[in-house]
Amino acid sequence: MLMSFTASSAAESFASWIDGSWRESDTRYPALNPATGQPFTNLAAASTQDVDIAVASAGAAFRKTRGARPATRAGWCRSAAQALLASHEELAEVLSTEHGKPVAEARGEILFAVRGLEMAAESVLALGGELPQVDDPNKRVIVRREGLGVWAVVTPWNFPVNIPVEYIGPALASGNAVVWKPAPTTAVVAAKFREILLTADFPQELLQLVITNEVEVASHLVTHPEIVAVGFTGGSGTGQSIAKSAWDKKLLLELGGNSPVVVLGDADLETAAAAISNAAFWNAGQVCSAAGKVLVAASCADELAQLLAKRADDTVVGSPLDPDVTMGPVHLESGIVRYERLIADARERGATVVTGGERIAEKGGFFFRPTVLTSVGRDAAVFSEETFGPVASLTVFDDEEDMIVAANAGDFGLVGSLFTTDLSKGFQLGERIDCGLVVVNDTTNYWEYSLPFGGAAGRHSGRGRLGGRWVIDEFSQVKTLAIDVR
């Protein structure tokens, strides 16, 4: 039985929702509060047998509902949106506690997810079919889209409500069933979200929830023979592993990034600083589209570094439940270890720490100071790796052409941005940045549900597109029906 979030009993646990009920387990693991570093509840870990039951239940639900009309499926998504909206304040507190993001950001994430469910409904209603002309005079041909079957959806901890909705909404709207495995460190949020959706009007077995911290169980899910497709958002290494092991399934992979931010000498630096600080410090920099490497013209590098440092120093770091706090703890202590390694490496190679660069030990928990680095060399690890933390890293250039070359260097190609007051140059250079999304004069974190989102071809940032009508294409397949009219 799913227990109340406010309970503190050692016996409390949050469980998977499988085949119509909450499924307990003798195997449990703790959920940590990153603001304290201490456990606050337990989670019941599912087994491979639980996965088998979940997949079978989802498959039965898919077969039962596969004839549902688009308007019906759109109604399911709208009902889910209404349920989420009605409980968003309660869920925001859970999200803030378990993840560590400020409660205002948590609330914003959930309301954005409400829009995502509404957008899924709108997008599926906009789908049309075709009646292509054929040479055979006795044939009438219909080309339409239909759901694929049962999807395995594996989601990360950085946006534990919004990213699942990016998959679940289009999946239900397109006529699929989903077995959802959330990140183990934000599974309490997932369980509460699934509990909220029990009040929505859709066939509930279409959405199974599997909670686990075991790689073996997750691997069993994505390679299960009755799973026809896998959706995954997370690290590039894990994505590559999934692509190899689930090669026989349809794959929708949204992976890592190291977003290049190009600041030309004519840029409005106040605008650039505001956008870059958002891209570096919002959600404590734990965003795949976060500013990775800031490539700045030498003529304005010092001024930009100081503007960013002021914004970093003005960031209020503290308890995520404090309404005055603008940045909470980072989610994992291992993240702090990574930031310290990257900053030390950059300093050894000539970089300067303008501000930050250290853990805030006196706060306890997993708090890290917003950091600005300048004079970062291209040989520094932070220049090419995904930081996934509150670090803005500046590399100085004398040549615009060299800046574009540097922007396109490395393995990633998810999001980039460019700052200039010359919009003609913004168009021309923006088209040359090899990312799936390029933003001119705004944060790399800009995205809306109506837009396609995904990595450039040939990079390590994934395959396929989330967002708008493009994601409906991902979650459906073309069916051709040829009828002989003789």
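What to note about this one:
- Convex hull volume per residue in cubic angstrom - Cα atoms of segment 173-311: 171 Å³
- Two-decimal Rg/Rh across segment 423-481, once Rg and the Kirkwood Rh are taken from alpha-carbon atoms: 1.07
- Gain upon complete extension [Lys64, Val316; 0.36 nm per residue less C-alpha separation]: 85.6 nm
- Note that segment 134-174 carries a Kirkwood radius of 13.3 Å, evaluated over its alpha carbons pair by pair.
- Each peptide in 231-241, 215-225, 187-197 was scored by the mean count of other Cβ atoms within 10 Å over its residues; highest first, the order is 187-197, 231-241, 215-225.
- Rounded D (µm²/s) - segment 259-449, Kirkwood Rh over Cα pairs, Stokes-Einstein at 20 °C, 1.002 mPa s: 131 µm²/s
- Probing with 1.4 Å while keeping every protein chain in the model, the per residue accessible area of the chain equals 40 Å².
- Residues Trp247 and Gln133, FRET efficiency given R0 of 51 Å [Cβ-Cβ distance, rounded to 0.05]: 0.90
- Helix-only CD estimate at 222 nm, as mean residue ellipticity for the chain, using -39500 (n - 2.57) per DSSP H run (n ≥ 4): -11500 deg cm²/dmol
- Local net charge near Gly413, Cβ-Cβ under 9 Å (Lys/Arg +1, Asp/Glu -1): -1
- Put a dot 7 Å past the Cα of Val141, heading toward its Cβ, do the same for Asp52, and the two dots end up 4.3 nm apart.
- Net lengthening on full extension, Asp324/Glu303 (0.36 nm per residue, minus Cα-Cα): 4.8 nm
- Of the options [x] 20; [y] 16; [z] 27, only one is percent of Cα pairs over 44 Å apart as computed from these coordinates, and that is [y].
- At full extension, Gln240 and Arg347 could sit 35.4 nm farther apart than now, given 0.36 nm per residue minus the alpha carbon distance.
- The share of alpha-carbon pairs in segment 20-154 lying farther apart than 26 Å comes to 50%.
- Burial order of peptide ranges 20-28, 56-64, 126-134 (average beta-carbon count within 10 Å, highest first): 56-64, 20-28, 126-134
- With Cα atoms, 0 to 90° folded angle of helix 162-173 axis to the chain main axis: 20 degrees
- FRET efficiency, 1/(1 + (r/R0)^6) with R0 56 Å, evaluated for Val485 and Ala409 via beta carbons: 0.45
- Cα-based reach from Lys192 at 21 Å (exclusive), listing lysines while leaving out same-chain residues under 8 positions away: Lys101, Lys181
- Cross-link reach list, lysines versus Lys139, counting only Cα pairs under 19 Å and skipping chain neighbours closer than eight places: Lys479
- The accessible surface of the chain, taken with every protein chain in place and a 1.4 Å probe, is 51 percent carbon and sulfur.
- Acute angle (nearest 10 degrees) that the helix 48-65 long axis makes with the longest principal axis of the chain, alpha-carbon atoms: 60 degrees
The values are calculated or read from the model by the stated rules, or taken from the named source; none is laboratory data. No experiment lies behind these values; they were computed from the predicted model shown. Here Cβ is always computed from backbone atoms with ideal geometry, including for glycine, and neighbour counts include all displayed protein chains. When the accessible area is computed, the model is the full protein with side chains, heavy atoms only, and any ligands, DNA or RNA have been set aside. Shrake-Rupley method; radii C 1.70, N 1.55, O 1.52, S 1.80 Å.
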